[in-house]
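Take a look at the structure below.
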Amino acid sequence: MAEDIAIRVSNLSKCFQIYEKPSDRLLQMLARGYKKYYREFWALKGISFEVKKGETIGIVGRNGSGKSTLLQLICGTLNSSSGNIQVNGRIAALLELGSGFNPEFTGRENVYMNAAILGLKKDEIDARYSEIESFAEIGQFIDQPVKTYSSGMAVRLAFAVAINSDPEVLVVDEALSVGDELFQRKCFSRIESIKKNGATILFVSHSGATVVGLCDRAILIDQGELLSSGAPKDIIGKYQKLLYAPTHKQENIRGDIRGDFSQATHEDSSTVEAEKPEEYFDPGLIPKSTLEYESQGALISGARILTLTGEQVNCLRRGTEYRYVYKVDFLKSATLVRFGMLIKSGLGVELGGSASAPNAEQCISYVSSGVQFDVEFKFKCALNSGTYFLNAGVQGATDADQIFLHRVLDVCMFRVLPEADHLATGMIDFSCCPTWSEATAHESKVSA
């Protein structure tokens, strides 16, 4: 292997034998290969790539695509079914952190054992021990048995050992979600420092912004196949296009990505005319987290997103204006009525919303029982690609206090489609200059 190559993967494949029941394993041993009592699952199929020394490579793909299996093969915790792997240099892996700890031993003892497995000698561990202890931030628990640790403490200690072993090759598999935000930031800072010192990094993440910001090159894997490799920005665009595509279009998109890669074109992506995604309605995009408050005199129904021309959609284009509409039936008379909406991220972070009246003076003064209102909010989609949720609510006073007459959380779900020429960072895209128009609500006739 050339001196400037840190990792070489050649025609790598991995097949798992899936048994329907435990007894089939025994039958397979007795059959001596004359009959199969299992079905084959090919987690990886003929993958080949090289990583140069000092290069940081991001590996992206949908869940179950084979990313973690690939990393385990490179680290030597799994054996391949066929193909070859060559690694040049000391390797440290941030995979299933803490899985190698002995729960009966103290944290200090596990630090020495874990570091020895990573190839450090005792004097090297002694020299790094104080830094490892400080980085893990578990205090006096370092001299307590690991079985007394919380899962977060064990993971942080394992991370501290691996990150302070001065690896020449660092493998990271979604291990940067440990601890609080301050600890996560310290982890990223340490990895950036390792990168600056010339280490080779393989990095698996579902965060497009992280891959673009940290990596020199990215690889897209899907269904065990390497579909594409190239600039992180370009690969993240292809990954998101595949991730958010409706099921019936995914195979065609896979073929397009595979075809682009096989042509091995080296044109700069900025010279290619950007393909704008087309908004559409995906009937399978239904929220499973909907939570409905008990009615206090009103009922919300029919929440949906429409284009300005009235077509229902839930896969939206960044920077385009839409209408969020729903109906409210009043079961009781109410005063000081106003309507609201709220957009949230998949993690429940409240990103922004609007109300039909900002204060009590602008509320609808009185609504009688039996009346129905059509509510509409116009909004410009100022969100980067991802999946989001909408709330709907109506406030009013039926007695003295103003309360939610009805509220539905996660009543509507939508995606913002990725764009190949757009660098996705964060959730809000300020370049869209988000504007919110005044909400409208008008009384509509209700037949008896």
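The values are calculated or read from the model by the stated rules, or taken from the named source; none is laboratory data. If you're wondering where the values come from, they're calculated on a predicted model, not measured in any experiment. Don't worry about glycine lacking a Cβ; one is built from the backbone with ideal geometry, like all the others, and counts go over all protein chains shown.
Mind listing whichever residues of region 8-61 are under 30 Å from Thr210 (Cβ atoms), part of a strand (DSSP E or B), out of contact with any helix residue (DSSP H, G or I) (no Cβ under 7 Å at 6 or more places or on another chain) and of a type in the set (D, E, K, R)? Residues satisfying the conditions are Arg8, Lys45, Glu50, Lys52. Tallying residues that are part of a strand (DSSP E or B) and among the hydrophobic types (A, V, I, L, M, F, W, C) within region 62-90 yields 2.
Could you check region 42-67 and list, in sequence order, the residues that are surrounded by 12 or more Cβ atoms within 10 Å (Cβ to Cβ) and farther than 26 Å from Asn197 by Cβ?
Step one: filter region 42-67 for residues surrounded by 12 or more Cβ atoms within 10 Å (Cβ to Cβ), giving 42-62, 64-67.
Within region 42-67, Trp42, Ala43, Leu44, Lys45, Gly46, Ile47, Ser48, Gly61, Arg62, Gly64, Ser65, Gly66 qualify.
Scanning region 279-307 for residues that are assigned to a loop (DSSP other than H, G, I, E, B) and either in contact with a helix residue (DSSP H, G or I) (Cβ under 7 Å, 6 or more places away or on another chain) or without any contact (Cβ under 8 Å) to a residue 40 or more places away in the chain (or both) returns Phe281, Pro283, Gly284, Lys288, Glu294, Thr307. Counting only strands (runs of 3 or more DSSP E) wholly contained in region 372-448, the ones carrying 1 or more residues that are surrounded by 14 or more Cβ atoms within 10 Å (Cβ to Cβ) and either among the hydroxyl-bearing types (Ser, Thr, Tyr) or modelled with pLDDT under 70 (or both) occupy 386-397, 440-444.
When Leu409, Leu351, Leu347, Leu383 are checked against the criterion of being touching an Asp or Glu at 6+ places or on another chain (Cβ under 9 Å), closer than 30 Å to Leu214 by Cβ and of a type in the set (A, V, I, L, M, F, W, C), a single residue qualifies: Leu383.
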